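The values are calculated or read from the model by the stated rules, or taken from the named source; none is laboratory data. The structure displayed is predicted, hence computed values, not measured ones. Quick reminder, even Gly has a Cβ in these numbers, built from the backbone with ideal geometry, and neighbours come from all protein chains shown.
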Amino acid sequence: MQMSRHFIKDEFDMIYKIYNEFGLKQTINYVNEISPDTNFITRKHLVHRIKKIIRYYNNGMQDQLLDKKGANRKPGSGRPKKPIEPDWNEFTKEELIEIAKRYYEINKNKSKSGKLSEAKKLNIPYSKSAKIFNVCRQAIAKSKTRVIKVKEHKNDAIIRKSFLDNKCRYGRLRLSAYISMKYNIFINPRSLGRDLKRLNLICKIRKQRRKSEIKNTKFALPDIVKRDYNDKLNRNIFATDVSYIKAPKDVKDNHVFLSVIIEHKTKKIRDFKLSVNNDIDLVMDNINTFRSIDKDFVIHSDHGFQYTSKIYIDKINKMGGTVSLSRVGNSLDNREVEYWFSIIKSECLNELDYSKITLEDLKKIIADYIFWYNNYRIQSILNWKTPQQYAMMLK
């Protein structure tokens, strides 16, 4: 904390006068004006200081404010004085020998671990320390921590910058491809993994959490997609789902709900909606703003109650699409959207402090991440291109 200067008597008098006439807020402004350093201390600390001045004036003790140390200060109070290091050059050789003998007497009956602990503090050769403490020289050598100088490798700066530019979200394989494309430098992913560990650059990982969901398992619609994750048959496949997210500070419930639509072939997020309710309106709002390039498309989902509702199926059919449902108990059938939820949570949502953001803030954070994901996040399945680059290439 930055300390401000000590006030003079006229300034103390003016602080007391302003406080009584105009209140605390004007007093703080006056103190900040006469002592700019008070702008760098916390408001709580400044208010405490002002109220102390007022209390001294009310008790008729204002003269004590002029003494920095305080007139009634007790002996021995306050910060202890810094011990003065003796000037060893003032001692004769005989006196230093006497001090060394006394040091030997104090430590000779200590345990081996105690002797080794003392030996660590002496900056003398191991052989001489061994004679003083009567222990093995090798034991002293092993007990001393050696400072190993870490050599800076030639690509460390590029690795560190690339890792931070991608917000600590890229692992060794993806980061290796990114460095190769941007800097034309190939670093083997395994070597890059060791470099990341040496530089203490830790990639974010997801935490496995599974929430129970309401599913209509009795409703039967065929699984048309059949795990065609990359849309090899060019059927214009999309996947959709809803995921739980921790609620921000202005939401009373424990969770809010994110609905997204992802394209299988390009892995691009085509639309999303965030809501405080996990209901049919959330999914329908998402579908209503979704626009497929082609009229013939397939939209795949699990057996969530929204996706088996008549209003949802009729809407998809009206848009020229076909509804496909995963088999019961086979979450991998809807892998594309499930995997994307794990990505956004590990790379973005898990690091948020939800007690400090609102629902609108969360919407903006998700929108910004989706923009970054679509336009900047390279993927191996797309030959190290972004979803947007891959979509443009297919046109």
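Just checking, how many residues over segment 142-168 are closer than 30 Å to residue 370 by Cα and at pLDDT below 85?
Qualifying residue count, segment 142-168: 0.
Has segment 164-175 got any residue that is more than 30 Å from residue 115 (Cβ to Cβ), touching a Pro at 6+ places or on another chain (Cβ under 9 Å) and not in a helix (DSSP H, G or I)?
Scanning segment 164-175, I find at least one residue that is more than 30 Å from residue 115 (Cβ to Cβ), touching a Pro at 6+ places or on another chain (Cβ under 9 Å) and not in a helix (DSSP H, G or I), so the answer is yes.
Every residue in segment 246-279 that is in a loop (DSSP other than H, G, I, E, B) and either β-branched (Val, Ile, Thr) or not assigned by TED's automatic domain parsing to the domain that holds residue 373 (or both), please.
Answer for segment 246-279, where residues must be in a loop (DSSP other than H, G, I, E, B) and either β-branched (Val, Ile, Thr) or not assigned by TED's automatic domain parsing to the domain that holds residue 373 (or both): 251, 266, 276.
Do you know which residues across segment 111-128 are surrounded by 17 or more Cβ atoms within 10 Å (Cβ to Cβ) and among the aliphatic types (A, V, I, L, M)?
Of everything in segment 111-128, those that are surrounded by 17 or more Cβ atoms within 10 Å (Cβ to Cβ) and among the aliphatic types (A, V, I, L, M) turn out to be 116, 119.
So, in segment 352-367, of the ones that are more than 19 Å from residue 261 (Cα to Cα) and exposed (fewer than 15 other Cβ atoms within 10 Å of the Cβ), which residue ends up farthest from the chain's Cα centre (by Cα)?
Restricting to residues being more than 19 Å from residue 261 (Cα to Cα) and exposed (fewer than 15 other Cβ atoms within 10 Å of the Cβ), the top hit is 360.
Return the residues of segment 246-271 that are touching a Leu at 6+ places or on another chain (Cβ under 7 Å), surrounded by fewer than 19 Cβ atoms within 10 Å (Cβ to Cβ) and of a type outside the set (Asp, Glu); say none if nothing qualifies.
Of everything in segment 246-271, just one residue is touching a Leu at 6+ places or on another chain (Cβ under 7 Å), surrounded by fewer than 19 Cβ atoms within 10 Å (Cβ to Cβ) and of a type outside the set (Asp, Glu), namely 251.
Consider residue 122 carefully, then state whether it is closer than 30 Å to residue 201 by Cα and touching a Ser or Thr at 6+ places or on another chain (Cβ under 7 Å).
Taking the combined requirement at face value, the residue does not satisfy it.
Every residue in segment 377-388 that is free of Cβ contacts under 8 Å to residues at least 12 places away in the same chain and surrounded by 15 or more Cβ atoms within 10 Å (Cβ to Cβ), please.
385
Do you know which residues across segment 154-172 are over 13 Å from residue 377 (Cα atoms) and surrounded by 13 or more Cβ atoms within 10 Å (Cβ to Cβ)?
Hits for segment 154-172 are 155, 156, 158, 159, 160, 161, 172.
Within the set of pairs 6 or more residues apart or between chains, which connect a residue that is not assigned by TED's automatic domain parsing to the domain that holds residue 380 inside segment 165-187 to a residue that is acidic (Asp, Glu) with Cβ atoms less than 8 Å apart?
Close Cβ pairs satisfying both conditions: 167/347; 169/347; 187/195.
Which one is surrounded by the most Cβ atoms within 10 Å (Cβ to Cβ), of the residues in segment 319-342 that are free of Cβ contacts under 8 Å to residues at least 60 places away in the same chain and within 30 Å of the chain's Cα centre (by Cα)?
It comes out as 339.
Based on this model, can you work out whether residue 349 counts as farther than 20 Å from residue 244 by Cβ, buried (at least 18 other Cβ atoms within 10 Å of the Cβ), of a type in the set (A, V, I, L, M) and in contact (Cβ under 8 Å) with a residue 24 or more places away in the chain?
no
Pull out all pairs, ordered by first then second residue, where Cβ-Cβ is under 7 Å, the residues are six or more apart or on different chains, the first lies in segment 21-35 and is in the same structural domain as residue 48 (by TED's automatic domain parsing), and the second is charged (D, E, K, R) and at pLDDT 90 or above.
Here the result reads none, with nothing in segment 21-35 linked to a residue that is charged (D, E, K, R) and at pLDDT 90 or above.
Would you be able to say whether some residue in segment 255-262 is under 25 Å from the mean Cα position of the chain (by Cα) and among the aromatic types (Phe, Trp, Tyr)?
Yes, some residue in segment 255-262 is under 25 Å from the mean Cα position of the chain (by Cα) and among the aromatic types (Phe, Trp, Tyr).
Out of everything in segment 18-39 that is part of a helix (DSSP H, G or I) and of a type in the set (S, T, N, Q), what residue ends up being farthest from residue 5 (Cα to Cα)?
So the residue we want is 20.
Considering segment 272-292 alone, what residues qualify as being in contact with a strand residue (DSSP E or B) (Cβ under 6 Å, 6 or more places away or on another chain) and more than 22 Å from residue 310 (Cβ to Cβ)?
Listed by number, the residues that qualify are 272, 274, 276.
Residue 370 - would you say it is touching a residue at least 60 places away in the same chain (Cβ under 8 Å) and crowded, with 18+ Cβ neighbours inside 10 Å?
Criteria met by residue 370.
Taking residue 241 as meeting all but one of (1) of a type in the set (Asp, Glu); (2) modelled with pLDDT of 90 or more; (3) surrounded by fewer than 19 Cβ atoms within 10 Å (Cβ to Cβ), write down the number of the exception.
For residue 241, the exception is condition (3).
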